[in-house]
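Visitor: Dropping the structure in here first, questions after.
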Amino acid sequence: MTPLLRGAGRFIDDLAPRDLLHASFVRSPVAHARLRAIDAGAARSMPGVQAVLAHADLRPLMTCERIPVAIPSSAIRFHVDPYALARDELAYVGEPVALVIASSRRVAEDAAALVTLDLDPLLPVLDPRAGLEPGAPKARLDCPDNLVARHRIDYGDVDGAFAKAAHRIARRFRLDKGGGHAIETRGIIARVDADGALELFVNTQMPHRAKSVLCEALGLPEHRVRVVVPETGGGFGPKAPFYPEELALAAAAVLLGRPVKWIEDRRENFLAATQERRQDWDMEAAADDEGRLLAIRGRLCHDHGAATPYGVALPYNAATNLVGPYVLPAYRLDIELCLTNLAPASATRGAGRPQGTFVMERFLDLIARAIGLSRDEVRRRNLIPADAMPYRTPIVQRDGAAMVYDSGDYPECQRRALELSGWADFPARQERARRDGRAIGIGLANYVEATGRGPFESASLSIGPSGRITIATGATDQGQGLRAMLARVASSALGVTPEEITVIAGDTSAIPLGMGAFASRQTVTAGNALHCAAAEVRAKALACASHMLEAAVEDLELADGVVRVRGARQMALPLGAIARALGGTAGFSLPLGLSPGLAARNEYQPLGLAYCNGTHVVEVEVDRETAQVKILRYLVVHDCGRMIDRAGVEGQVLGGVVHGIGAALLEWTRFDDAGQPLTVSYGDYLLPTAPVLPRIEIYHMETPSPMNPLGVKGAAESGTIAAPAAIASAIDDALGITASDLPLTPERLHALIRGA
């Protein structure tokens with residue numbers, strides 16, 4: 001039984017070092033303003049307040065003012081990397097401006113409320129399309145304009161395809177902003193140990209990246225910085241960036257010489273944690289008279305937010321994922337990232353892929369309607385056939401490599417989903433419901449997802465003289481079952497039970513290199529790193545036992561943690577005894593000249609991306625009077641290659657579907673015309689809860705990936721990707737409308753029903 005099931009997990013807020021101080025941030029109350037001065041006199045005079053720190057107080061400790069961008073890109077036109085604390089301009093509501101440190105959280109928060117800011121208000125930029133128009137106000141005064149980055153995808157004869165197309169369909173898609181909303185908010189404890197080394201306990205998805213930033217920003221050598229990730233209650237993308245609060249607390253701990261703790265409250269999470277896109281797609285699709293795609297072209301305006309905490313890959317993900325599992329002969333898309341006075345945008349589960357999938361799947365429904373084809377048939381005619389695998393698309397990924405689908409059978413996946421869902425029988429059921437005055441509909445969507453992104457992930461495996469097996473990895477666990485997955489991989493290779501294995505994840509002192517959790521990658525990368533390391537340890541154990549037992553390696557077996565001679569069970573050596581032999585005896589040679597220790601480490605570098613895929617089918621009922629949507633049935637057929645842990649995969653897919661339902665129907669981060677957030681609690685921002693969720697049926701295909709030894713593909717984000725498109729398709733079918741914007745709230749559906 002795991003510590004979490006016993007209630008023994010230790011999360012960031014469970015940690016309390018001696019002499020602990022508590023922090024509260026003074027945050028920008030406006031979307032855009034010049035910062036003239038900070039008056040902290042009243043706050044500093046409060047009993048229990050240790051310090052009130054602003055940018056000028058932390059600057060002498062730092063070797064660079066801005067947090068380095070996580071993913072550099074030639075597409076970036078100018079840098080808007082965040083400061084630890086705002087310097088002279090406030091760029092979004094919730095931006096950290098000053099840091100109050102006190103004897104308790106209560107005192108820190110009360111003192112923060114006494115800090116006053118002298119501000120000169122400026123016009124905010126809130127809409128990415130309007131922000132790119134000539135004459136638009138600037139979101140940051142030190143930038144030449146708001147076009148912070150641009151990409152372009154352009155292949156095939158786009159104009160020629162449109163010129164000869166039997167059908168041309170134009171549509172605008174507006175997809176609004178949402179968040180990750182993990183059950184545990186962000187949290188940090190920074191302290192300097194007795195030897196003067198900085199330790200940061202933080203629930204980040206990328207601890208080695210955090211260590212790298214701290215070393216660079218504070219001018220510290222690597223051996224003087226340690227980052228540790230305790231148990232974490234969900235990540236979903238917003239915990240991947242390195243945040244200003246992390247650098248500010250680290251600098252404060254160095255400055256004061258005492259540990260400092262900050263736990264984000266839920267309002268701060270709404271204001272200052274990175275959020276996903278607001279995107280405006282102005283698109284056109286061309287198809288022949290048989291419903292086959294000829295070309296897609298258009299423009300994507302993406303809300304980048306006020307800073308670049310992560311990179312500019314999010315809209316590029318959306319643009320490349322638009323192609324999906326379909327043959328698209330020509331494609332041109334101009335992608336423009338607009339700097340706005342909203343919270344910085346970064347990945348949330350799916351990382352842009354649900355948005356690109358939504359656009360493609362909506363176009364396929366529109367083409368089917370224009371030609372008079374069924375929605376499943378128009379997809380069948382455009383799906384990449386199984387015998388075309390591996391399928392090389394003309395798209396170049398953001399790392400410069402070609403986008404190549406490694407394996408899968410997309411037509412079969414759709415066929416199974418339709419058969420299992422009773423798709424062919426639905427028209428009769430729909431007609432009976434209509435006679436009863438009920439509006440029901442069915443929808444489908446297909447998707448692919450690039451998983452297992454590199455450049456590498458690390459894993460080490462060691463067996464001590466006690467026989468205990470320890471794994472360390474640069475991957476991190478946010479509750480997605482990473483430790484259980486790795487224990488299964490090692491147990492299979494070493495013939496032991498998973499319970500006999502200890503997994504250390506998210507500790508930069510345990511392993512020197514690591515990338516962390518993002519892009520549905522850790523089973524592919526960390527799983528294969530451990531698979532290779534375990535194979536090396538297994539081979540070494542057998543070679544050593546062969547010498548010690550005087551038996552050929554091929555006559556040995558490894559089971560239950562013991563190497564035995566087949567047919568002579570009394571001739572056996574526990575793995576601990578082999579580890580002791582390889583630990584050496586002073587003055588004596590190791591067996592067979594083997595290297596010391598029963599251990600191995602591997603930094604696995606994927607040969608290429610592994611593409612999972614799937615089909616979603618959903619049935620809904622819509623109340624025409626209230627525009628309330630009830631999901632009656634939800635079915636997924638999913639292919640993530642070889643499954644190491646079936647229950648874990650199903651949990652990930654199910655959780656992803658729930659995220660997708662929220663994005664489709666409920667979740668919408670709203671702002672007023674001044675850039676003030678209107679959704680700062682769960683009374684305003686709605687999440688999918690048990691009463692609105694159907695039973696989600698999950699079925700599996702297993703098409704092993706040829707790109708890695710385990711044949712695995714990722715699964716963690718996949719459930720999210722097709723959900724909004726499938727739900728929109730079902731709502732269209734129920735009401736006879738065409739939904740183009742997300743989320744599909746009752747207000748929006750009412751307008752569409754009236755328009756129809």
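Visitor: Could you please find all residues in region 96-136 being surrounded by 15 or more Cβ atoms within 10 Å (Cβ to Cβ) and either of a type in the set (Val, Ile, Thr) or assigned by TED's automatic domain parsing to the domain that holds Leu678 (or both)?
Guide: Result: Val97, Val100, Ile101, Val107, Val115, Val125.
Visitor: Identify, from the list Leu678, Leu666, the residue that is out of contact with any Lys or Arg (no Cβ under 6 Å at 6 or more places or on another chain) and not assigned by TED's automatic domain parsing to the domain that holds Glu536. Even if it seems obvious, please write down each step before you answer.
Guide: Values: Leu678 fails: out of contact with any Lys or Arg (no Cβ under 6 Å at 6 or more places or on another chain).
Being out of contact with any Lys or Arg (no Cβ under 6 Å at 6 or more places or on another chain) and not assigned by TED's automatic domain parsing to the domain that holds Glu536 holds for just one of Leu678, Leu666, which is Leu666.
Visitor: Continuing with the same structure: I'm told Asp387 meets every condition in (1) in contact with a Gly (Cβ under 9 Å, 6 or more places away or on another chain); (2) surrounded by fewer than 16 Cβ atoms within 10 Å (Cβ to Cβ) except one. Can you identify the failing condition by its number?
Guide: Going through the list (1) in contact with a Gly (Cβ under 9 Å, 6 or more places away or on another chain); (2) surrounded by fewer than 16 Cβ atoms within 10 Å (Cβ to Cβ), Asp387 breaks only (1).
Visitor: Follow-up question, since we're still on this one. Within the bounds of region 330-350, is there any residue that is at pLDDT 95 or above and within 24 Å of His700 (Cβ to Cβ)?
Guide: Taking every residue of region 330-350 in turn, none turns out to be at pLDDT 95 or above and within 24 Å of His700 (Cβ to Cβ).
Visitor: From the set of residues in region 213-247 that are buried (at least 24 other Cβ atoms within 10 Å of the Cβ) and of a type in the set (Gly, Ala, Ser), which is farthest from Ile101 (Cα to Cα)?
Guide: Gly237
Visitor: Within the bounds of region 355-375, is there any residue that is assigned to a helix (DSSP H, G or I), touching a helix residue (DSSP H, G or I) at 6+ places or on another chain (Cβ under 8 Å), of a type in the set (Asp, Glu) and farther than 22 Å from Cys612 by Cα?
Guide: Yes, there is a match, as at least one residue in region 355-375 is assigned to a helix (DSSP H, G or I), touching a helix residue (DSSP H, G or I) at 6+ places or on another chain (Cβ under 8 Å), of a type in the set (Asp, Glu) and farther than 22 Å from Cys612 by Cα.
Visitor: Let me ask something additional. Can you name the residue in region 552-572 that is more than 44 Å from the chain's Cα centre (by Cα) and surrounded by 18 or more Cβ atoms within 10 Å (Cβ to Cβ) and is also nearest to Glu500 (Cα to Cα) among such residues?
Guide: Taking the candidates together, the pick is Arg564.
Visitor: Follow-up. If you check Gly660, Gly648, which single one turns out to be at pLDDT below 95 and in contact with a helix residue (DSSP H, G or I) (Cβ under 8 Å, 6 or more places away or on another chain)?
Guide: Gly648
Visitor: Mind checking whether some residue in region 248-267 is surrounded by 24 or more Cβ atoms within 10 Å (Cβ to Cβ), touching a Phe, Trp or Tyr at 6+ places or on another chain (Cβ under 8 Å) and either closer than 16 Å to Arg152 by Cα or of a type in the set (Phe, Trp, Tyr) (or both)?
Guide: Yes, region 248-267 contains a residue that is surrounded by 24 or more Cβ atoms within 10 Å (Cβ to Cβ), touching a Phe, Trp or Tyr at 6+ places or on another chain (Cβ under 8 Å) and either closer than 16 Å to Arg152 by Cα or of a type in the set (Phe, Trp, Tyr) (or both).
Visitor: Does Ala487 fit the bill of being closer than 30 Å to Ser729 by Cα and surrounded by fewer than 24 Cβ atoms within 10 Å (Cβ to Cβ)?
Guide: No: the conditions fail for Ala487.
Visitor: Being among the hydrophobic types (A, V, I, L, M, F, W, C) and touching a Pro at 6+ places or on another chain (Cβ under 7 Å): is that true of Leu590 here?
Guide: Spelling it out, Leu590 is indeed among the hydrophobic types (A, V, I, L, M, F, W, C) and touching a Pro at 6+ places or on another chain (Cβ under 7 Å).
Visitor: OK, next. Which is outside the structural domain of Gln522 (by TED's automatic domain parsing), at pLDDT 95 or above and assigned to a loop (DSSP other than H, G, I, E, B), of Ala190, Ala161, Ala149, Ala139?
Guide: When all the criteria are applied, what remains is Ala139.
Visitor: Any idea how many residues of region 592-627 are in a strand (DSSP E or B) and closer than 18 Å to Tyr391 by Cβ?
Guide: Step one: list which residues in region 592-627 are in a strand (DSSP E or B), which gives 598-604, 610-622.
Narrowing the set further to residues that are closer than 18 Å to Tyr391 by Cβ leaves 610-615.
The total comes to 6.
Visitor: What strands (runs of 3 or more DSSP E) completely inside region 13-95 contain at least 2 residues that are out of contact with any His (no Cβ under 9 Å at 6 or more places or on another chain) and surrounded by fewer than 19 Cβ atoms within 10 Å (Cβ to Cβ)? It would help to see each step written out before you state the result.
Guide: Numbers: elements: 21-27, 33-39, 49-53.
Where strands (runs of 3 or more DSSP E) fall fully within region 13-95 and carry at least 2 residues being out of contact with any His (no Cβ under 9 Å at 6 or more places or on another chain) and surrounded by fewer than 19 Cβ atoms within 10 Å (Cβ to Cβ), they are 33-39.
Visitor: Looking only at region 532-541, decide whether some residue is assigned to a strand (DSSP E or B) and touching a Lys or Arg at 6+ places or on another chain (Cβ under 7 Å).
Guide: Checked against the condition, which is being assigned to a strand (DSSP E or B) and touching a Lys or Arg at 6+ places or on another chain (Cβ under 7 Å), region 532-541 yields no hits at all.
Visitor: Please work out if Ile395 is surrounded by fewer than 24 Cβ atoms within 10 Å (Cβ to Cβ) and either within 27 Å of Leu271 (Cβ to Cβ) or out of contact with any Cys (no Cβ under 6 Å at 6 or more places or on another chain) (or both). Please lay out each step first, then the result.
Guide: Numbers: surrounded by fewer than 24 Cβ atoms within 10 Å (Cβ to Cβ): yes; either within 27 Å of Leu271 (Cβ to Cβ) or out of contact with any Cys (no Cβ under 6 Å at 6 or more places or on another chain) (or both): yes.
The answer is yes for Ile395.
The values are calculated or read from the model by the stated rules, or taken from the named source; none is laboratory data. Since this is a predicted model, take the numbers as computed values, not measurements. Note: ideal-geometry Cβ built from the backbone for every residue, glycine included; neighbour counts use all protein chains shown.
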